[in-house]
Structure formats: structure tokens, C-alpha cells
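A.B. asks: Got a structure for you, written out below as C-alpha cells; questions coming shortly.
The values are calculated or read from the model by the stated rules, or taken from the named source; none is laboratory data. Please read all numbers here as calculations on a predicted model, not as lab measurements. Using ideal geometry, Cβ is built from the backbone for each residue, glycine included, and neighbour counts are taken over all protein chains shown.
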């Protein structure tokens, strides 16, 4: 199954256009606004929404032993590199790729898998098509009955934290590096935008750093010459160093 948590974003959801079988996970009080737009929905209690970690945990509990792919509600497409050429997966190819991803995950013996978090060609090394100790972020992730759950105290860094939990628990997760997602992650309507501020990002970074230690969670100082841009880069994109050998 393919599910996308969504909150107050009925007017800007796009993921269903790309994944025909996808459903948006929305709370009961907002369901009608999505249905009025003709969007496919799966409803949860209002108390299960308002915190992205909480609703993602609801999805994992709902899926149980079934495989579930959790994507952002504004995902536009999956693209893949072949040498220096990059192309968008079209038609049924994207959902077939998800089936392939779960098959590959089982062969690797992992309970969490995903794709590259960076679109740039420089982030894909042909000689490392897969990695087992790199983070997988919220916009796209596959799960096969994991024990770990998202930390509700880290709703702005929940994806970094869950990757760390999974690697710590199972010693590996699978990232398919030649494929990446494209989505509008910083739309200022609904979702995490309702509570994301620079100060909140700082607090969340410090909590993540305190939980895992400064050797694992490091500051991304960025390359900008302006304090504002350094601040945004540092807060939103921590550098994660996994103390486990291998790729």
C-alpha cells in the first residue's frame, strides 16, 4: 500500500496524480474537504493528526505486517540516473519500482528502504548503487513491519531520528542511490509549515543532537556568506555520521 499523511492541504496535494493506488491519511474533521476535491482518503482520528510523527506511527500501526510505502503528499515524481542521463519514471513504472524496492529490501534483510535524498548527479556514485548506512528521509520510505516508531518529540527531525533508530536496531537500512524523489517540501501551507520556524528548528536540532550525540548528529554550516542562509541550512539539514562500517 502507498499512503501519504496530509493535514490542511486538500488544495495542493499532488501525489495521487503520480501513484494511482495512493490514499491520503487525513483526520475525520478534514476528510470532507479532501473528498470534495475527489481525493482518495483513509481517515484517522483527529487526535492522531497535528503531529507528523504521530500520524506516521498511526500508518505503521495500521499497516501491521503488510508492506507500506509512506510518501509526502506533494511528491511529483521519482527519477533515476543512468550514466549521465536522468529520466522520470512514468506510468505504472513508479508503482512497479515500489514493488521491486520491497523485494530488494527483503533480499538485503532490511525493514526500511528508500531512495536518494539529493537530486544532483554528484550525489550518485555509479560504483555505490546501494547503501546500508545512509539516512532515508520523510518524502519517500518503505517499511516492512518495523519495531521502531517515530519520535513524537521530534516532529521536524522525525525522519532523521527514525533512520538512526532503524540502523541502531537492525544495523542497516537500504537506500537505492540511483533513484531520487522530487517534491515541494517547503510549501508554506498546512502540514509541518503550521509549526516550522527557525527557533523551532534549532530546538529540534538540539534535541536530536542530545539524543544521538555530537559525533553522529553534526551541524551543516553550509557554504553561504550570509548568516540567514547559514542558519536555515544548519537547522534544516544536519549531517549524520553513522559509526558503522560499510557503505
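A.B. asks: Could you pull out every one of the strands (runs of 3 or more DSSP E) wholly within the range 71-186 that has 3 or more residues that are in contact with a strand residue (DSSP E or B) (Cβ under 6 Å, 6 or more places away or on another chain) and crowded, with 16+ Cβ neighbours inside 10 Å?
C.D. replies: In the range 71-186, 75-82, 112-116, 140-144, 174-183 are the strands (runs of 3 or more DSSP E) which contain 3 or more residues that are in contact with a strand residue (DSSP E or B) (Cβ under 6 Å, 6 or more places away or on another chain) and crowded, with 16+ Cβ neighbours inside 10 Å.
A.B. asks: Might you let me know whether the range 32-49 holds any residue that is in contact with a helix residue (DSSP H, G or I) (Cβ under 6 Å, 6 or more places away or on another chain), more than 20 Å from residue 136 (Cβ to Cβ), assigned to a helix (DSSP H, G or I) and in the same structural domain as residue 143 (by TED's automatic domain parsing)?
C.D. replies: yes
A.B. asks: Kindly establish whether residue 38 is farther than 28 Å from residue 204 by Cα, out of contact with any strand residue (DSSP E or B) (no Cβ under 9 Å at 6 or more places or on another chain) and modelled with pLDDT under 95.
C.D. replies: Working: farther than 28 Å from residue 204 by Cα: yes; out of contact with any strand residue (DSSP E or B) (no Cβ under 9 Å at 6 or more places or on another chain): yes; modelled with pLDDT under 95: no.
No: the conditions fail for residue 38.
A.B. asks: As an exercise: evaluate residue 68 against (1) within 17 Å of residue 9 (Cα to Cα); (2) assigned to a strand (DSSP E or B) and give the number of the one condition it does not meet.
C.D. replies: Condition (1) is where residue 68 drops out.
A.B. asks: Restricting attention to the range 1-26, which residues are surrounded by 22 or more Cβ atoms within 10 Å (Cβ to Cβ) and free of Cβ contacts under 8 Å to residues at least 24 places away in the same chain?
C.D. replies: 26
A.B. asks: For residue 117, indicate whether it is out of contact with any helix residue (DSSP H, G or I) (no Cβ under 7 Å at 6 or more places or on another chain) and either closer than 25 Å to residue 156 by Cα or without any contact (Cβ under 8 Å) to a residue 24 or more places away in the chain (or both). Walk me through how you get there before you give the answer.
C.D. replies: On the way: out of contact with any helix residue (DSSP H, G or I) (no Cβ under 7 Å at 6 or more places or on another chain): yes; either closer than 25 Å to residue 156 by Cα or without any contact (Cβ under 8 Å) to a residue 24 or more places away in the chain (or both): yes.
So residue 117 passes the test.
A.B. asks: Among 105, 4, which is the only one that is within 18 Å of residue 138 (Cβ to Cβ) and under 16 Å from the mean Cα position of the chain (by Cα)?
C.D. replies: 4
A.B. asks: Return the residue satisfying two criteria in turn: it lies in the range 35-63 and is closer than 20 Å to residue 11 by Cβ and without any contact (Cβ under 8 Å) to a residue 12 or more places away in the chain, and of such residues it is surrounded by the fewest Cβ atoms within 10 Å (Cβ to Cβ).
C.D. replies: Looking at residues that are closer than 20 Å to residue 11 by Cβ and without any contact (Cβ under 8 Å) to a residue 12 or more places away in the chain, I get 38.
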